[in-house]
Amino acid sequence: PAQSATGLRGRMVDAVTRRPVKEFSVTLARVERDDARMKWHEPIVRKFASDTGRFTWDLAAGAWQGYVQAPGYQQFNLAEQVFSANKPTRELVMPLLRGLELRGRVFDQRTGAGLPDARISFRKAGVGNGNSQTLRPAQPQADGSFALDGVPAGDIVLQVGAEGYAHRETELTVDETTPPVEI
């Protein structure tokens, strides 16, 4: 594999076809350890467009953790990467799995008004509450409608929360025929 300056180098490919994924975003947060405690800095996001699926992101030396998102694909979680100053890094190949789009609407049951400030995420069914697969929740529109892209087919738990409302979790099976969800 090719070498580069300090930072993250990668190549996004479709996990099945091995063809390049040409548009994607990478979200990273610097991680610091202090006496067995971990501190995550504010995440930074960069969007990339590349015919080959390759990208380079020069970063400060240290430990970084994050994820990759691409339209139509499931989120790819990056394990912690440690970069040393002036030490070349190898290219990571990241195979992305296809995902589905889940649409729906979040609204106040009494008034029918949409909740544009709701937080919407999901996790696979049978996985604990602290393991949301969507690190960047869907942002509903003014009418409360939302779209979660990259949801894996199968059983999931949809998690919805909004200020002043009870948290709600709904189990559902997602496939190509799943109708919009009303919450």
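The values are calculated or read from the model by the stated rules, or taken from the named source; none is laboratory data. On a predicted model such as this, the values are computed, not experimentally measured, just so you know. As a convention, Cβ positions derive from the backbone with ideal geometry for all residues, glycine included, and neighbour counts pool all protein chains shown. These area figures cover heavy atoms from the full protein model, side chains too; ligands, DNA and RNA do not enter into them. Shrake-Rupley method; radii C 1.70, N 1.55, O 1.52, S 1.80 Å.
Structure notes:
- Residues being over 24 Å from residue 117 (Cα atoms) and part of a strand (DSSP E or B) - total across segment 149-173: 3
- Filtering segment 66-85 for residues that are more than 25 Å from residue 121 (Cβ to Cβ), of a type outside the set (A, V, I, L, M, F, W, C) and out of contact with any His (no Cβ under 7 Å at 6 or more places or on another chain) leaves a non-empty set.
- Test: residue 117 is more than 30 Å from residue 166 (Cβ to Cβ), of a type in the set (Asp, Glu) and more than 17 Å from the chain's Cα centre (by Cα): no
- Residue in segment 36-46 that is touching a residue at least 40 places away in the same chain (Cβ under 8 Å) and in contact with a Phe, Trp or Tyr (Cβ under 8 Å, 6 or more places away or on another chain) present: no
- Some residue of segment 120-129 being modelled with pLDDT under 95, on the phi > 0 side of the Ramachandran plot and either touching a helix residue (DSSP H, G or I) at 6+ places or on another chain (Cβ under 8 Å) or open to solvent by 60 Å² or more (accessible area, probe 1.4 Å) (or both): yes
- Scanning segment 1-13 for residues that are at pLDDT 90 or above and open to solvent by 10 Å² or more (accessible area, probe 1.4 Å), we see that the one that is farthest from residue 74 (Cα to Cα) is 9.
- Scanning segment 78-100 for residues that are in a strand (DSSP E or B), in contact (Cβ under 8 Å) with a residue 40 or more places away in the chain and open to solvent by 70 Å² or more (accessible area, probe 1.4 Å) yields 90, 98.
- Members of segment 66-77 found to be in contact (Cβ under 8 Å) with a residue 60 or more places away in the chain and small (Gly, Ala, Ser), listed by number: 70, 72
- Per-region count, segment 51-66, residues open to solvent by 20 Å² or more (accessible area, probe 1.4 Å) and either closer than 30 Å to residue 147 by Cβ or touching a helix residue (DSSP H, G or I) at 6+ places or on another chain (Cβ under 9 Å) (or both): 5
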